[in-house]
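Trainee: Can you read through this structure? Questions will come right after.
The values are calculated or read from the model by the stated rules, or taken from the named source; none is laboratory data. The shown structure was predicted, so the numbers you read here are calculated from the model rather than taken from an experiment. Because the Cβ atoms are built from the backbone with ideal geometry, glycine has one as well, and the counts that use them run over all protein chains shown. These area figures cover heavy atoms from the full protein model, side chains too; ligands, DNA and RNA do not enter into them. Shrake-Rupley method; radii C 1.70, N 1.55, O 1.52, S 1.80 Å.
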Amino acid sequence: IVRKKHSVFTFPVEDIAYMEKDLRKICIHMRCRKKRTENSDKSYEYLHMEFYGRFSQVMPYLDNRFMCCHRSYIINMDHIVWMSGCEIFVGDNISIHMGRDTYRRARKMFSDYLNEKYPEKTLKNAKFFL
C-alpha cells in the first residue's frame, strides 16, 4: 500500500521488479501485463511510481525474494534475468550497475536465494551458473 497525497495505491508485491532511491524519493518499478496488439510482441511493460520515504520503512513489508544489496536499490530476485560483469539485468533491457564488492554480495545473495528456492537443483556445484 502506498499513500501519495490524497490517494492510496495498492499493487501485488510480486509485480515489483525493483525499487530505486534518490535522495528522499523512492521509485517503485513494476512489471505489468500489457495488452497484446498486432504491432507489439512484448507482453509486459514497466511502470513506475514515486513517493517520499526510506528503505527502512519499506523493508519490513517485503519478503525474502527482495535483496537490499546496495544503498540505492532493492531488487526482486524473481525478476533478475542475468548477472554479468558488475551489472544486474532486470526485465527488458534494464541494467543496474554496482561496484565490485556490492556485486559480489548481490551475487552471493542471489545464489543463496536460488539454492533455497530450488533445493532439488545442484546450483551450489554449478560453476557455470554464477
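Trainee: Could you tell me which numbered condition Ile96 fails, if it satisfies all but one of (1) touching a residue at least 60 places away in the same chain (Cβ under 8 Å); (2) in a helix (DSSP H, G or I)?
Mentor: (2)
Trainee: Out of curiosity, is Phe11 modelled with pLDDT of 80 or more, aromatic (Phe, Trp, Tyr) and open to solvent by less than 60 Å² (accessible area, probe 1.4 Å)?
Mentor: So Phe11 does not fit the description; no.
Trainee: Checking Ile26 against (1) open to solvent by 80 Å² or more (accessible area, probe 1.4 Å); (2) in a strand (DSSP E or B); (3) at pLDDT 80 or above: exactly one of these is not met. Which one?
Mentor: So the condition that Ile26 fails would be (1).
Trainee: Let me ask you something else. Applying the selection to segment 82-118, what residues are within 18 Å of Glu45 (Cα to Cα) and open to solvent by 30 Å² or more (accessible area, probe 1.4 Å)?
Mentor: Within segment 82-118, Phe89, Asp92, Asn93, Ile94, Ser95 meet the criteria.
Trainee: Restricting to segment 79-102, count the residues that are among the small types (Gly, Ala, Ser) and on the phi < 0 side of the Ramachandran plot.
Mentor: 3
Trainee: May I ask you to verify whether Cys32 is closer than 18 Å to Ile96 by Cα and either outside any loop (DSSP other than H, G, I, E, B) or at pLDDT 80 or above (or both)?
Mentor: So Cys32 does not fit the description; no.
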